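A.B. asks: Dropping a structure here in C-alpha cells format, bear with me for questions.
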Amino acid sequence: MKLHSNGLAASKTGRILSKGFRIIDCPKTIIVEDELVEQGRRFHFMTSIGWILVSIVAVCQLGNAQASSGAATFKSKCALCHGADGTGNTTLGKQLQAANLGSKEVQKKTDAELHKTVHDGNGNMPPFGEQLSDDEITQVVKYVRHFGKMAKK
C-alpha cells in the first residue's frame, strides 16, 4: 500500500482507498480496507437504486392522483347529464341528448377537440371554461378516455 502526498492511500491493486485511515503493514488490513471501500460503493449504488425506485413510485402515484382528480371533477360537473358511466342515460341527459362518452363518435375526437368542447360548450352542453382550469379539463378528458375502453369490453 502506498500513501500519496494528498493523504489518500492506494492498495496493491492501485485503487485509491480513502482519506484518513491508519496504514498498518499487514496484508489483512489492506484486504479489510479494500472490502470496506467496496462495501461503501455497493451501499451508494443500492442507495441510488432505492431513490430511483422511490421516484418511480412517486410519479406513478402522481399519475393516479391526476386520474382520480379527473374522475372527481367528472363526478361533480359532468355526471348529472352524462351519468357516472358516461352513457348519458340519466333523466337530464336524455332531455338534453347528452353524448354517450364511450361511443366511437366521441372517442374518435382528439384530446384538443374534447378539451374545446368542455371549455366552450357544444349544443346543449354548457361551457366549463370559467369553472375549471385548463389542467382540470385535461384531467377530465383523460378520464373520459376510459369510457371508450369500457365500451370495447
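A.B. asks: Full extension from residue 72 to residue 85: what is 0.36 nm times the residue separation minus their Cα-Cα distance, to one decimal in nm?
C.D. replies: Additional length available on full extension: 3.4 nm.
A.B. asks: Place the peptides 115-122, 81-88 in order of packing, highest mean first, counting for every residue the other Cβ atoms within 10 Å and averaging per peptide. Don't jump to the answer; show the numbers that get you there.
C.D. replies: Numbers: 115-122: 16.8, 81-88: 19.5.
Answer by packing, highest mean first, reads 81-88, 115-122.
A.B. asks: Using 1/(1 + (r/R0)^6) with R0 = 35 angstrom and r between the beta carbons of residue 108 and residue 56, what's the FRET efficiency to the nearest 0.05? Kindly include the intermediate steps, with their values, before the conclusion.
C.D. replies: Values: r = 33 Å, r/R0 = 0.94.
Efficiency computed from Cβ-Cβ geometry: 0.60.
A.B. asks: How high is the relative contact order of the stretch 78-153? Use alpha-carbon pairs under 8 Å, at least six apart in sequence, and give a whole percent.
C.D. replies: Relative CO of the stretch 78-153 lands at 27 percent.
Read-outs throughout are calculated quantities, based only on the coordinates presented, and are distinct from any laboratory measurement. Keep in mind it's a predicted model, so treat the numbers as computed, not measured. Using ideal geometry, Cβ is built from the backbone for each residue, glycine included, and neighbour counts are taken over all protein chains shown.
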